[in-house]
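The values are calculated or read from the model by the stated rules, or taken from the named source; none is laboratory data. From a predicted model like this one, the values you see are computed outputs, not experimental measurements. Glycine gets a Cβ as well: all are built from the backbone with ideal geometry, and neighbour counts include every protein chain shown.
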C-alpha cells in the first residue's frame, strides 16, 4: 500500500506554478510514507501508555514534536561542534570583563 | 484536493495492530497536508534559486531539514528558559573550581 502519486502531485500543484518532476513526487511520497510510519509507531506507544486499544487524535498530535525532538538529539550526537560552541559562548560572556 | 483517508489509514495499519479512530486519521492527514504545503513552497524556492522551472528530487530532499531548522528556531524564540540554561551550564563548568 503506497500513497497515490497523482493525488500528491495535485496537492503540490495547489502551492506552486512550477513543473514537478516524477522524481520529485517520488521523493516527497517516500518522505511522507516515512512520516506516516514513525508517527503511527509513536502514536501506538502513546495509546498503549494510557492502556487504550485505539489510537486517538491526541496520540497523533504530539508525534511531530517527538519526531522533531528525536532528530535534534540525533543531530546533537552527530555534530562535533558542541565543545567549540560552548567555548565560543564562554568567550562572549567573558568579553564582558574587558 | 485532499489526501485519501482510507489509503492513509491502510498505510498506518501496516505499522500497528491497534484500532485507529477517524479523528486520528483526520489529524494525521491534516499534518501530512501541512507538510506537503511547506515542502512544496520550500522546494519551489530551491528550484527558483537555480533558475529552474521544474521542481526536482533534490529540491525536495533538503526540505524536511529546513522545516526542522525553522521549527527549532521558532522554539528557541518561544522559550524563556535560555538564560536559565546558560546559567546552569556555567554552574556546571565553575563547579570544577571546587
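A compact table of results
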item: Scan of the range B:12-22 for residues that are surrounded by fewer than 18 Cβ atoms within 10 Å (Cβ to Cβ) and within 21 Å of the chain's Cα centre (by Cα), ordered by number; result: B:15
item: Residue check, residue B:74 surrounded by fewer than 15 Cβ atoms within 10 Å (Cβ to Cβ), under 16 Å from the mean Cα position of the chain (by Cα), closer than 15 Å to residue A:12 by Cβ and at pLDDT below 95; result: no
item: Some residue of the range B:40-54 being under 12 Å from residue A:28 (Cβ atoms), more than 9 Å from chain A (Cβ to nearest Cβ) and at pLDDT below 95; result: yes
item: Boolean, residue B:20 is over 30 Å from residue A:45 (Cα atoms), at the interface with chain A (Cβ under 7 Å from one of its Cβ atoms) and touching a strand residue (DSSP E or B) at 6+ places or on another chain (Cβ under 7 Å); result: no
